[in-house]
1. On the basis of being modelled with pLDDT of 90 or more, touching a helix residue (DSSP H, G or I) at 6+ places or on another chain (Cβ under 9 Å) and assigned to a loop (DSSP other than H, G, I, E, B), does residue 106 make the cut?
2. Restrict the check to the range 4-23 and report whether at least one residue is in contact with a helix residue (DSSP H, G or I) (Cβ under 7 Å, 6 or more places away or on another chain) and at pLDDT 95 or above.
3. Applying the selection to the range 11-23, what residues are farther than 11 Å from residue 38 by Cβ and surrounded by 14 or more Cβ atoms within 10 Å (Cβ to Cβ)?
4. Mind checking which residues of the range 33-50 are surrounded by fewer than 18 Cβ atoms within 10 Å (Cβ to Cβ) and either modelled with pLDDT under 80 or not in a loop (DSSP other than H, G, I, E, B) (or both)?
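The values are calculated or read from the model by the stated rules, or taken from the named source; none is laboratory data. As the structure is a computational prediction, the values presented were derived from the model and not from experiment. Because the Cβ atoms are built from the backbone with ideal geometry, glycine has one as well, and the counts that use them run over all protein chains shown.
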């Protein structure tokens, strides 16, 4: 059984902050199982966005950690906002979390 979304997000934010990165919740979603989108603000006017990878791909693996895939890479903040607004209208239960890092990647399991 995977961690509920709100618990996973809390742990993710604590890990990011421990690495010296500012992290905040932009949109709260469904507590138990809302989809999670992570914005990586590169602090240069661009962002990358990570979306949860489809769970069905990993259904047979015993690891229960959430996996993410990069869906936007170094795009303008306005393009990031537009894309996330579309996702939010499609899935009103989703979570959006932003982390600010000049270097490196967010502490995610990326496929």
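1. Taking the combined requirement at face value, the residue satisfies it.
2. yes
3. Within the range 11-23, 15, 21 meet the criteria.
4. Result: 33, 46.
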